[in-house]
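The values are calculated or read from the model by the stated rules, or taken from the named source; none is laboratory data. None of these values were measured; they are calculated from a predicted model. Here the Cβ is made from the backbone with ideal geometry for all residues, glycine too, and neighbour counts use every protein chain on show. Side chains are part of the model used for accessible areas, which takes the heavy atoms of the whole protein and leaves out ligands, DNA and RNA. Shrake-Rupley method; radii C 1.70, N 1.55, O 1.52, S 1.80 Å.
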Amino acid sequence: MSSSVVKYESRDGIAIISLNRPEKKNAIDNAMAIELREALLRLNASSDAVGILTAVGADFTGGADIKGPPDDLAICVPMVGVDVTKPLIAAVSGWAVGGGLVLVQMCDLCVADETARFWYPEAKVGISGAQIASLAARIPHKVAMEMMLACEPLDAQRAYQVGLVNKVTAPGKALDGAMYYAEKIRDCAPLVLQMLRRFVADVLPKGPSEQAAITRMQIAAVRASADAKEGVTAFKEKRRPRFTGR
């Protein structure tokens, strides 16, 4: 995939997907949201067994670009806008803000270096997509509310203590730590991994915004399908439609 703001590298069965807008602290604009979605879909279709979501530069992401926000951030959120079928690991340095924290919470694992900071300041900004709500199903309730209501950031060590992060590394070593997990996962049975991830997805609660976004994406996919186009064309031409399931 040719991309200026999201990079995709396949390395021995491991996909490294990198947000690549470091001059803007990897803030997510419309182009990045679209390209991140394309990268996650590419992971699904590839021979890569596992993906790592990381970033170029000092910060993972400053979240949605305030000066030019994406039309719909949900399109690039794993398990919301894209049903990612393979394990996904976040490798975080620096700030993971707002929508960036949502990306992290939806990954299966997270490795952070000592510079990492996780922050959800939307209550200070006065706007929120509220997909963060299911964070309360992933870390202790009171800690999640501290982040959402008091807008208190978590440093890497506290994020590890409350279970948001699996491993804390030295500065600049988050990707190496993520590769450690990715290499182990790559050598496991894919069908077992897929089954466990599906079952866990059924166990984890979903917030209203998350569920609404999933529903909206599924409806949009049907409306944009070849079958939808065929159905309308067949109706206009007064013939029996020839559906293909695509």
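For this structure, a couple of remarks:
- Gain in span if fully extended, Phe199 to Arg246, counting 0.36 nm per residue against the direct Cα distance: 14.3 nm
- DSSP bridge orientation in the chain - percent antiparallel, rounded to nearest 5: 25 percent
- Order of exposure, largest accessible area first, which applies to Ser47, Ser134, Ser93, Ser4 with probe 1.4 Å: Ser47, Ser4, Ser93, Ser134
- With each label modelled as a point 7 angstrom along the Cα→C-beta vector, the Tyr180-Glu237 pair spans 5.9 nm.
- Over the residues of the chain, the helix contribution to mean residue ellipticity at 222 nm works out to -12000 deg cm²/dmol, using -39500 (n - 2.57) for each DSSP H run of at least 4.
- The figure for Val222 is an accessible area of roughly 100 square angstrom, using a 1.4 Å probe on the protein chains alone.
- Along its principal axes, segment 57-161 has C-alpha extents of 35, 33, 30 angstrom, given from the largest down.
- Computed label-point distance, nm, for sites Lys142 and Asp187 using a 7 Å Cα→Cβ extension: 4.2 nm
- Using the Cβ-Cβ distance between Val125 and Asn30 with R0 = 30 Å, the FRET efficiency computed as 1/(1 + (r/R0)^6) comes to roughly 0.95.
- Pairs from the table (Lys24/Lys173; Lys86/Lys124; Lys173/Lys206; Lys86/Lys229; Lys7/Lys173; Lys142/Lys173) lying more than 25 angstrom apart at Cα are Lys86/Lys124; Lys173/Lys206; Lys86/Lys229; Lys142/Lys173.
- Note on exposure: Phe199, Phe60 ranked by accessible area (1.4 Å probe, complete protein assembly) read Phe199, Phe60, with the most exposed listed first.
- Per residue, segment 1-140 exposes an accessible area of 38 Å² to a 1.4 Å probe, with every protein chain left in place.
- Heavy-atom accessible surface of segment 95-246: percent carbon and sulfur, 1.4 Å: 60 percent
- With R₀ set to 45 Å, the beta-carbon distance separating Ile66 from Gln161 gives a calculated FRET efficiency near 0.90.
- Ranking Arg242, Arg158, Arg223, Arg216 by solvent-accessible area of protein heavy atoms (1.4 Å probe, all protein chains present), from largest to smallest, gives Arg223, Arg242, Arg216, Arg158.
- Fully extended contour minus Cα-Cα distance, from Arg223 to Ser47, at 0.36 nm per residue: 60.5 nm
- Rg to Rh, two decimals, where segment 49-89 supplies the alpha carbon set and Rh follows Kirkwood: 1.02
- Whole-number D in µm²/s for the chain (Stokes-Einstein; Kirkwood sum over Cα pairs; 10 °C, 1.306 mPa s): 85 µm²/s
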